[in-house]
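Novice: Take a look at this one; I'll ask things after.
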Amino acid sequence: MRCVTDEYNLLTQPWLPIRHRHSGALEAVGIAEALLRSHELADLVVDVPTQVPALLRQVLLPVMVDALGPPTTREGWSKRFAAGRFTDEERDRLSEYFDQYRDRFALFHDTRPFAQVAGLRTPKGETKGTAVLVATAASGNNVPLFTSRTDGDPFPLTPGEAARWLLHTQCWDTAAIKSGAEGDPKVKAGKTTGNPTGPLGQLGVVVPVGRSLYETLLLNTPVHPEDMWGVPQWKRDPPFGPEWDTYAPQGLLELWTWQSRRVRLSPEQTGDGQRVCRVVLTAGDRISVLPEWEPHTTWTSAPNPKAGAPARRPRRHAPGKAIWQGMEALLAVEREEKGKFHTSDLLRQINSARVDGVIADDYPLRVQTYGLLYGNQSAVVEDILHDAMPLPVAALRAEGEVYDLVAEATEQAEELAQAVNSLSADLRRAQGADPIPWDKGHRPGELVLHALDPLVRRLLAGISATGTDFDVLSRGQRAWEQKAWAETMRIAERVLGTASAGAFIGREVADKGKKDGKKVLYSLGTAERDFRARLARILPRAAEHRREAKPELGVASSGASTQGQGS
C-alpha cells in the first residue's frame, strides 16, 4: 500500500448521506450540493446520531453563515425563513464562496488539510488505528459492549467516513491522556494530560428541526450582532499548528468549528480504493469559559455561583429519560433571574418568530436531543443518548393554554410513575420489607413511563397539528387522561398481584415523620385505597369521566380480589 495525497474535496465529493424531503430516497452529496439543494433535502442519515450536530456545526451552518453573512436582525432572519429556499442571489454568493475557499476543504491537502494539522506527528513518529476516532469502536480503554472488534483489528474508513468521524471527534472526543505532538512545548513524557471532552460532550445538545434542511439550518442560526460571529477555523491564518491553548471563543463561527483536537489522517490506496487506516490524534484547544450564547443547549441556574463563575450551566441529558421528561427546561422561554431552567436561545427565537407571525402555531417543529454518556473519568464512551419528539410551537407561549396542557400532561406522567412507586413501597412495607431505594434496582414506575411514552408523543403530535383549536385540545386532553389511567392501572394491577397473603392483614410501621413514634398500618387495602386516591388527583378529568360512567368499588371496601378491577 502506498500513501496518497489526491484531493478529496468536501465541497464536491458525496460524503454527506441525506434523505430527500419528498421521495424519502437516500443520496450522498457534498457540502455545496447540500446547501444549494437544501430546500429539497431533509434529514442527515449518519453512522451514529451524534454525528448530526457535529456536521451541522462544523460545516453546514458555518459555511452558510460565512458565505451569506449572519442574520443580525429578527426581520432579516424572518425574511430568509419565509423564503423557504435560497434566492438566486444567495445561490450565486454561495457558489462564489465555494470557488474562493475550495482548497480549504480538501481533506488530504498537503499544507492545510481540512480540520487537521499538516505534518502532525508524535515525537516517536507513532500513529494509531482509526478506531480512536470512532466512538463505537474498541480502542485502548474504550471497549463498547458487544463489539465484534478488538483494539488490534484494522478499521479502514472511506474518505467520507473518515471525514464524518473526524468532525465527530472535534465535537465529542473522550477526555484524559492524549498523545503528545512534536513541536508542542506543553508535552510531558510524550503525553498531554487534563484534556476535557470535546465541546458538545459537555452539553445536553438540543437541535430544532424543520420540514427541510433549509429550514433546519435557519432554525439553528441565532440572530446576533455582526461582531459576535468571528470566523470559522478554515479561514484562520496562519493555520493551526501542533501546539494548543486555552482561551474563550471569539464568536459563534469559532465556537461551532472549535478544534478541540489536533488530527492528521493518513490515506492509503488499498484493493478497495482509497482508505484511511492510520491517524495521529493529539491534544487540541480548550474552552476557558463556555459562553452563555452557546445556542444548542438548555441551561440550569447555578444555585450559589462563586464570584466570577457563570450564573448558569448547561443542562445535561439524563440516561434513560425521554426528551419530554425535560419539558420544563425546553418550555422555559421567559428568562428570569431566579428561574431554575432556561431554554435554548434557538427555541426562544422560534417563539419570537411565532409572535411575529413567521412561524404558525401548527408548524411541525421537531426537537432532537443528543449526548454521550462517558465513563471512567470521561475517558470512555458508555452510551449514545438520542431522542426526538414533536414540540408544539404554541406551547412556547408561557402562560398560554397550550403551554399549560403540555406542561400538565408531562408532569402527570411523572406523577403517575411516582404513584405506582408509592404503591409498590406501601405493599413492601405491608409485607415487612423495605421500599426499593430510589437509586437502586428497578422500580415499577419505570414501566409506567415506558407505557406512557408513546401516548405522550402522540399527544404532542396532535397538539402540534391542532395549533390553538381549544375544543380539539380539550378533547385530546380528556382522551390522554383516560388512556393514561388505563395504562397506569394495568401496571398497578401487576404490582398488586405480587402481594403475599400477609399483605391482607398488613403491618404497623413507625411513622418516621412523627416525633411521638405513632405507627401507621400498611396493608393491601390501604395501599390500593391510597393509590386510587392519588390516581384521581393526578387525572381529575379521567376520574370525573369514570364517576359519570359508573360507580367504582375498590378492594378496600369490598375485600374482593384486585385482579381485573379498575382497568
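Novice: To the nearest 20 Debye, how big is the dipole of the chain about its Cα centre, given +1 on the beta carbon of each Lys and Arg and -1 on that of each Asp and Glu?
Specialist: So the dipole magnitude of the chain works out to roughly 1740 debye.
Novice: If you don't mind, there's one more thing I want to ask. Counting other Cβ atoms within 10 Å of each Cβ, which trypsin sites (Lys or Arg not before Pro) in region 419-464 have at most 10 and sit in a DSSP loop?
Specialist: Listed in order of number, the matching sites are LYS440.
Novice: Moving to a separate point now. Scan around GLU382 for amide H atoms under 5 Å from its own, H built in the peptide plane at 1.01 Å from N, and keep only partners 5 or more places away or cross-chain.
Specialist: For GLU382, whose amide H was placed from the backbone, the distant partners under 5 Å are LEU373, TYR374, GLY375.
Novice: Can you give the relative contact order of the chain as a percent, counting alpha carbon pairs under 8 Å and 6+ residues apart?
Specialist: Taking the mean separation of contacting Cα pairs over the length of the chain, I get 13 percent.
Novice: Which of rounded, prolate, oblate describes region 301-395, given a ≥ b ≥ c as roots of the alpha-carbon gyration tensor eigenvalues and a/c under 1.5 marking rounded, otherwise prolate only if a/b is larger than b/c?
Specialist: Verdict is oblate for region 301-395.
Novice: Whole number please: convex hull volume per residue of the Cα set in region 2-287, in Å³?
Specialist: Residue-normalised Cα hull volume stands at 140 Å³.
Novice: Still on this structure, I have one more. Which shape class, rounded, prolate or oblate, goes with region 436-505 when its Cα gyration tensor gives a ≥ b ≥ c as root eigenvalues, a/c under 1.5 marks rounded, and past that a/b bigger than b/c marks prolate?
Specialist: Note, shape of region 436-505 comes out prolate.
Novice: Same structure, new question: Among 207-220, 262-275, how do they line up by average Cβ neighbours within 10 Å per residue, starting with the highest?
Specialist: 207-220, 262-275
Novice: Which value in nm describes the separation of the simple spin-label points at ALA302 and ALA118, placed 7 Å from the Cα toward the beta carbon?
Specialist: Spacing of the two 7 Å Cα→Cβ label points: 4.2 nm.
Novice: Which of the listed residues, ALA162, PRO239, GLY210, is farthest toward the dipole's positive end in the chain, when Lys, Arg count +1 and Asp, Glu count -1 at the beta-carbon?
Specialist: ALA162
Novice: Kindly provide the helix-only [θ] at 222 nm of the chain, computed as the sum of -39,500 (n - 2.57) over DSSP H runs of four or more divided by all residues, to the nearest 500 deg cm²/dmol?
Specialist: -10500 deg cm²/dmol
Novice: Also, I was wondering about something else. Choose one of THR12, LEU416, VAL509: the residue whose Cα lies farthest towards the positive end of the charge dipole of the chain (beta-carbon charges +1 Lys, Arg; -1 Asp, Glu; about the Cα centre).
Specialist: Checked the options; the winner is VAL509.
Novice: Still on this structure: Which aspartates and glutamates does LYS124 reach when only Cα atoms under 16 Å apart count, and residues fewer than 8 places away in its own chain are ignored?
Specialist: List returned: GLU182, ASP184.
Novice: Right, another one. Lys/Arg Cβ at +1, Asp/Glu Cβ at -1, dipole of the chain taken about the Cα centre: which of ALA527, VAL448, HIS317 is farthest positive-ward?
Specialist: ALA527
Novice: Another question, if that's okay. Taking the Cα centre as origin and putting +1 on Lys and Arg beta-carbons and -1 on Asp and Glu beta-carbons, what dipole magnitude results for region 219-312, to the nearest 20 debye?
Specialist: I would put it at about 340 debye.
Novice: Could you tell me which label, among [x] 115, 66, 50; [y] 84, 55, 54; [z] 113, 71, 51, carries the value of Cα extents along the principal axes in Å calculated for this structure?
Specialist: [y]
Novice: Hey, got the dipole for region 277-388? About the Cα centre, +1 on K and R Cβ, -1 on D and E Cβ, debye to the nearest 20?
Specialist: Magnitude of the dipole: close to 420 debye.
Coordinate-derived values only; no laboratory data. Please read these numbers as outputs of a predicted model, since none were measured by experiment. For neighbour counting, all protein chains shown are included, and Cβ atoms are generated from backbone atoms with ideal geometry for every residue, glycine included.
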